[in-house]
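Quick notes on the structure that follows.
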Amino acid sequence: MTIDKNQKNLLKAYNMLLYFAGSMIMKEPTEECVIDFWANGTLKRLPVQSSNPRFIKAASILRESCEDKVLCRSMLRADFSRLFDKNGLYLSPALESAYINKITSPVRNSETAGDFYRAYGWIPESSHNVPDDHLSTELIFLTRLVEKCIDIDDEPSCREMKGEIRRFIDQHILQWISVWDESVQQNAGTLCYKGISTLIYACTEDIYSLLS
């Protein structure tokens with residue numbers, strides 16, 4: 001079946017959350033980001049309600065995070081360097097290739113994330129300067145696929161796109177995100193990044209289920 005109006009609105013809300021979370025692991029958080037999402041209370045009223053325990057946990061963590069708005073940006077910058085910056089401690093790199101070989105799992109499809117992008121004629125923005133298998137890049141691509149799916153109005157094409165989205169999530173996000181999230185929980189110095197990593201995990205799970 002094609003996607004109904006309620007599902008479309010829900011998918012758009014998940015996309016918004018993934019845009020936010022992806023930007024937070026792609027580059028050092030800006031002052032505007034802190035104002036938009038923490039100071040203005042956006043993260044206290046997330047646009048999605050989910051029964052996924054992981055989503056509920058992430059929402060709870062984010063509501064309690066960044067209480068001191070004056071110190072918030074400096075804390076986030078320090079944590080970004082600690083977790084994701086190659087020039088910092090780099091304790092939890094957001095790279096598929098950093099974790100996938102450590103996971104005991106069935107033999108994976110040889111199709112790389114980059115192969116998936118090229119099959120859809122998508123080229124990541126060079127200004128981001130992050131690898132094809134960086135989680136932020138994978139999330140941008142995922143949101144593009146979801147946008148395409150929302151716009152499709154014929155059943156066979158919609159069904160095929162749903163399958164492709166689930167295949168991408170299954171092969172290139174769910175294969176390693178649990179290990180990455182665990183690493184962030186252990187190494188993050190702020191509730192902000194602990195909540196963000198779990199939010200990404202939960203949102204991809206929910207999209208995967210929603211499109212089943």
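FYI, it's all coordinate maths here, none of it is from the lab. What you see is a predicted model; the values in this text were computed from it and never measured. Don't worry about glycine lacking a Cβ; one is built from the backbone with ideal geometry, like all the others, and counts go over all protein chains shown.
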Checklist line | Which of Asp154, Asp206 has the fewest Cβ neighbours within 10 Å, and the rest in rising order | finding: Asp154, Asp206
Checklist line | Computed E for Tyr90/Glu32 - FRET, C-beta separation, R0 30 angstrom, nearest 0.05 | finding: 0.75
Next item on the list: Under 30 Å Cα to Cα from Lys5, which lysines show up? Leave out anything in the same chain fewer than 8 places away.
Entry: Lys44, Lys57, Lys148, Lys162
Notebook entry, point to check: Between the helical axis of 53-64 and the dominant principal axis of the chain, each derived from Cα atoms, what acute angle in degrees is found, rounded to the nearest 10?
Noted result: 30
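Can you sort Ile200, Ile56, Ile177 from fewest to most other Cβ atoms within 10 Å of each residue's own Cβ? Write out the running numbers ahead of the final one.
Details: Ile200 28, Ile56 14, Ile177 23.
So the residues, fewest neighbours to most, are Ile56, Ile177, Ile200.
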Checklist line | Cα long-axis angle, helix 69-83 against the chain (0 to 90 degrees, to the nearest 10) | finding: 60
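Going by how many other beta carbons lie within 10 Å of each one, how would you line up Val70, Val34, Val184, fewest first? Could the numbers behind the result be given before it?
On the way: Val70 8, Val34 20, Val184 23.
Ordered by Cβ neighbours within 10 Å, fewest first: Val70, Val34, Val184.
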Item checked: Overall form of the range 1-149 per C-alpha gyration tensor (a/c, 1.5; a/b vs b/c) -> oblate
Notebook entry, point to check: For the Cα atoms of the chain, what angle does the longest principal axis make with the long axis of helix 177-187, in degrees from 0 to 90, nearest 10?
Noted result: 0
